[in-house]
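Here is the structure we will look at.
Just so it is clear, none of the values below were taken in a lab; they were calculated from the coordinates. Just so you know, these numbers come straight off a predicted model, no measurement behind them. Neighbour counts run over all protein chains shown; Cβ positions are idealised from the backbone, glycine included.
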Amino acid sequence: MNNAHFPVFANLVACLTALAIFGCSSSDGGGAASGGQGSGGKGSAGALGNSGNAGNSLGDGGAASGGAPSSGAGQGGSGIAGTPGAGGSNSSGGAPTAGASSGGTAAAGATGVGGGTSGASGAGGATTACPATTLKVGDNNSSVMSGGESRTFIVRIPTGYTGTSPVPVVIDFHPLGGTGSSQESSSGWKAKCDSVGCIAVFPDSSASKGANAWNAGYCCNEAQKNKVDDVQFARDIIKYLQANTCADPKRIYASGGSNGGGMTYRMACEAADVIAAVAPVDFRCVTGTDPLASAGSVTAANNTACSCKLPRPLSVIAWDEKADTSIVPYAGGQTPNLKTDCPPTGSCVGIGFPSAEVNAATWASFNKCTDSGATDPNNSLCKTWSSCQGGTQVSLCSTTSGGHLAVYSNASAKFTDTAWNGLKTQALP
């Protein structure tokens, strides 16, 4: 290298180092243009002049011209003074410009020594400011008013959460007779979200109107009879998260077991605008009409259990237990020992369920999957339809864990690992 150019090279290295240290980014930012860096929009270093270099720019998301830092269209910060070049005549660092949104104060570049050329523009993407929060890492007992009553839920903030960048959310619904706390202790989502960095939410069903049940459709108990709007409750939870955490609004997922699995399907059917994908356990979609209300058997032809008008394809990673023959039968049928179908004007009778395979095929049809499903290479328990619209998938993971909801305690089934691998690839359009 020519020793005469060594100061110029050193200054360029210093400029790039400063960019790495002081830049600000956002996961929701736009792309970079000609030397800028998107996702928050960092200005780039000025290009080399004939005998010196222009001042650099580190405004939070804006164009740098002649070493002039500017606050960007998203969230501006203080510009960093330009680095002097070596030799030649003086050139001004340039004037700062104000950001179009919440820009901070940009500092004028220092006088560059040497005729440097303008720096390339960095196209700053839009930033999403994370709200201030009083929620702590770990469990937070929270509540919102929904449907005229105070509804409660646990928000678990994962270790390592900083509140500065958006993170995904899993809302996990408990089974009939359960609570958010009991679901947190049993489902595995607490440990999984702690591990991968998602916020886990464990809601409680209505205490005054629901009798520890979710209104999942034609099930269950007082929640159905009293027409509790649990979908609205879930929407109110999401609004709470957006006001109090840095939840990513495009990556909110639902899961749940038994009656909570039915609630998960209902979220898929009626809240696809806020839920990106779902992972229900040991239940079927019961948003429509009980297939045994006027028929003695459940077949694909009379399957009216799941009535959805989806605004878009939506991934479903479903888990069903083959050994379950009496609570939610894998092969479908009525459950005389589980009398939870309580219409507003009728008595509680046994629920009729479609089979797990019919239920999965129904969702493959909803998502317009063109393949016939194949064994998942990552988990042999799962049959997955992967050629579906919108990059979605439908999986039926069939376990032999020993009974209803036994998959939660069966580590070899890899429930949360497999479910998370399917969920995390999905985001709202």
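Highest mean first, what order results for 306-314, 282-290, 405-413 on Cβ atoms within 10 Å? List each step's numbers first, then the result.
On the way: 306-314: 15.8, 282-290: 25.0, 405-413: 17.4.
Highest mean packing first, the order is 282-290, 405-413, 306-314.
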Report summary line: Going fewest to most other Cβ atoms within 10 Å around each Cβ, Tyr161, Tyr240 line up as Tyr240, Tyr161
Query raised in the report: Between Lys368 and Lys250, how many nm apart are label points set 7 Å from Cα along the C-beta direction?
Result: 2.1 nm
Report summary line: Taking 421-427, 200-206, 131-137 and ranking on average Cβ neighbours within 10 Å, highest first, one gets 200-206, 421-427, 131-137
Query raised in the report: Restricting to the stretch 138-423, what percent of DSSP beta bridges are antiparallel, rounded to 5?
Result: 50 percent
Query - Gap separating the Cα centres of the stretch 168-235 and the stretch 375-428, nearest whole Å - result: 20 Å
Report summary line: For the stretch 186-319, averaging the sequence separation of alpha carbon pairs under 8 Å that lie six or more residues apart and dividing by its residue count, the contact order in percent is 19 percent
Report task. Please report Arg266, Arg251, Arg156, Arg151 as a ranked list, fewest other C-beta atoms within 10 angstrom at the top and most at the bottom. Result -> Arg251, Arg156, Arg151, Arg266
Report task. Let me know the volume per residue of the alpha-carbon convex hull for the stretch 138-423, in Å³. Result -> 117 Å³
